[in-house]
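Visitor: For reference, the structure I am asking about is given below.
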Amino acid sequence: MIRKILSFTVLVLTLTFSSFAETFSSEGYGQSLEEARAQALRELSLTFSNRIQSSSQARQSYASSGGKTASMREMDIRILVTSDMQLYGVSFETADNGKKGKEKKYTVRATMETSKSAPFYETEIKSLVKKIDARVAALPSLSANKEDEEWQSLSADYASFDKLEMVLVALSGENKIKPKLSSSDFRIKYERRAKENNTLEKAAENIAKAILSSSSKNRIYVYAPLFEGENTTTDFSVALANAVKSKLGNKISLTKIDSDSSLSGSYYFAPGSVNGEDIIVNYYLQESSGTVLASSGMIKIPYKVYSQYKYVPRNYDLHKEIAAGRTANPAFDISIRVNGERNALNFKRGDSLVIEVRATSACYIYVVGYVYNDEGDPLSYLFPLAPYAEGKEMFVKKISPKEANTWVVINPVVDNEVMNIEVIPPFGEETLQVFASTTTDFDEFAAKIPSYTETDDFFLVSGKPVETVSKTRALNVKRVANKAKNIVNTAENSVSYSTRK
């Protein structure tokens, strides 16, 4: 639950763009060149993830024919782009800031240009497609056990192909190099081979066995799988992730910082089934560079196994509502994260949260929160960024030119002290959605903030989150400001998490 000042939540809203960009760049800062360079690459990867996840071009490109597996394909794509993208053809510019001690001494700018980077991806995709085609052609000649192993390995190959293709589409707008058996058709065929698991422990055992048989990684960070590409965990996903951790034993890493790879999963209702039938789970092991190392393959879990858990995120319909009206411009982007993460976030009572935003240009921002729990109706509220201010100024924060392309903490500040946001009851799912505009007219921006009613716990916008979406939608439009005679870009993004005792 999130209170007026001290408790909070978040979800990730994707954006869309209608044309590809010629150049992508991000900056990193550190006390060493290696630290600054690594941060620049992480931020560049995040920039690609935002573009690809929201791209209407990508959605059309990866939609399956006939629509029978549209949900599955979109889910697979979205789970892949929540992780680091594979970056090739990156150039670096380095600056020594002349600072000492704990201050950031170096700045590194990482840049990818379509003309230089696209050929790298075309070469990688061509080599991978040749490998995939040969392996698919050889499947009929394999023994039953060998064939099962080959399908599992092919699952990782197809995941690698999808990630490479997504970046190439973002860079150049198209990819003409494709395997004879499409990704969608491969998943349809593989899904038919999925074997039922009669317990959650057995499903976790099969996932761990498949991953460990294909990789020797020792420090694996395990995320809870996400329902159909949504970014909020559920009771079922947390239980499955914990079971997988137990089966991986000493191979797991308890923190992302200490890990050298991550296990990200997703799940959905098997095509043709409805609520109350089989769930299909798929996990991918990936390096921090974005390289896909292994796949669990399709794991089938029947209703009798997962029905004891909550398995569909409550804010699922809200995601759909928000997604229906999104727009964006590649010239301006906004991101939001909690405790350094953006997906599969799950916190327990007493945990402290740090909320950050990252904008690619100077801008104004405001934030709307959405609350879902088992003790009351869903509601939406305004997040107080400046508790001592009055009126709508309380909800506005300015990101300065110096803060552009850096993560800025937006926790409320009281008496010059950043307030910790603590997880408190009641528990459930929550969302923070950030809205940003590059306008220089404060009054114009403040006028976009929805009206609210002050209660003991919230600056309440609406008791129904979907109604709030319709009220905030007006900000999500690119227009020309009459006074400045400059293009005013707007963007929005969100991040979700769930809380438990």
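The values are calculated or read from the model by the stated rules, or taken from the named source; none is laboratory data. Keep in mind that this is a model prediction, so the values were computed, not measured. Backbone-built Cβ (ideal geometry, glycine too); neighbour counts: all protein chains shown. Note: accessible area is taken over every heavy atom of the protein model, side chains too, but ligands, DNA and RNA are not part of it. Shrake-Rupley method; radii C 1.70, N 1.55, O 1.52, S 1.80 Å.
Visitor: Residue by residue through the stretch 410-457, note down the ones that are open to solvent by 60 Å² or more (accessible area, probe 1.4 Å), part of a strand (DSSP E or B) and of a type in the set (V, I, T).
Guide: V413, V418, T453, listed by residue number.
Visitor: Pairs please, first residue from the stretch 306-320 and closer than 13 Å to L226 by Cα, second anywhere and part of a loop (DSSP other than H, G, I, E, B) and at pLDDT 90 or above, Cβ atoms under 6 Å, 6+ apart in sequence or on different chains.
Guide: Every condition considered, the pairs that remain are K310/T234; Y311/T234; P313/T234.
Visitor: Is the stretch 73-94 home to any residue that is at positive phi, modelled with pLDDT of 90 or more and not charged (D, E, K, R)?
Guide: Checked against the condition, which is being at positive phi, modelled with pLDDT of 90 or more and not charged (D, E, K, R), the stretch 73-94 yields at least one hit.
Visitor: Looking only at residues that are within 18 Å of T438 (Cα to Cα) and not hydrophobic (A, V, I, L, M, F, W, C) in the stretch 357-375, which one is modelled with the lowest pLDDT?
Guide: T360
Visitor: Then there is this: Please specify each residue of the stretch 353-393 satisfying the condition of being touching a residue at least 60 places away in the same chain (Cβ under 8 Å), among the small types (G, A, S) and either over 19 Å from E444 (Cα atoms) or assigned to a strand (DSSP E or B) (or both).
Guide: Within the stretch 353-393, A359, G369, S380 meet the criteria.
Visitor: I've got another one for you. Kindly check whether there is at least one residue in the stretch 458-476 that is more than 24 Å from T232 (Cα to Cα), part of a strand (DSSP E or B) and at pLDDT below 80.
Guide: There is no residue in the stretch 458-476 that is more than 24 Å from T232 (Cα to Cα), part of a strand (DSSP E or B) and at pLDDT below 80.
Visitor: Restricting the first residue to the stretch 410-436 and requiring it to be under 27 Å from E230 (Cβ atoms), which pairs with a second residue that is among the aromatic types (F, W, Y) meet a Cβ separation below 6 Å and a spacing of at least six or different chains?
Guide: Once the first residue is under 27 Å from E230 (Cβ atoms) and sits in the stretch 410-436, its partners that are among the aromatic types (F, W, Y) give I421/F8; V423/F347; G428/Y372; E429/Y372; T431/Y370; F435/Y366.
Visitor: Any chance you could count how many residues in the stretch 138-150 are of a type in the set (A, V, I, L, M) and either touching a residue at least 40 places away in the same chain (Cβ under 8 Å) or not in a helix (DSSP H, G or I) (or both)?
Guide: Let us first name the residues in the stretch 138-150 that are of a type in the set (A, V, I, L, M), namely 138-139, 142, 144.
Adding the requirement that they be either touching a residue at least 40 places away in the same chain (Cβ under 8 Å) or not in a helix (DSSP H, G or I) (or both) leaves 142.
Total satisfying the criteria: 1.
Visitor: Let me ask you something else. If you scan the stretch 238-258, which residues turn out to be at pLDDT 90 or above and open to solvent by 20 Å² or more (accessible area, probe 1.4 Å)?
Guide: Of everything in the stretch 238-258, those that are at pLDDT 90 or above and open to solvent by 20 Å² or more (accessible area, probe 1.4 Å) turn out to be V238, A239, N242, K245, S246, K247, G249, N250, K251, I252.
Visitor: Additional query: Filter the stretch 394-408 down to the residues that are assigned to a strand (DSSP E or B) and either in contact with a Leu (Cβ under 7 Å, 6 or more places away or on another chain) or among the acidic types (D, E) (or both) and list them by number. Walk me through it before giving the result.
Guide: The initial filter retains those residues of the stretch 394-408 that are assigned to a strand (DSSP E or B), namely 397-399, 408.
Selection gives K397 alone.
Visitor: Identify the single condition in (1) modelled with pLDDT of 90 or more; (2) over 26 Å from L432 (Cα atoms); (3) surrounded by fewer than 19 Cβ atoms within 10 Å (Cβ to Cβ) that Y309 does not satisfy, given that it satisfies every other one.
Guide: (2)
Visitor: For the stretch 79-113, name all the residues that are part of a strand (DSSP E or B) and touching a residue at least 40 places away in the same chain (Cβ under 8 Å).
Guide: Of everything in the stretch 79-113, those that are part of a strand (DSSP E or B) and touching a residue at least 40 places away in the same chain (Cβ under 8 Å) turn out to be F92, T94, Y106, T107, V108, R109, A110, T111, M112, E113.
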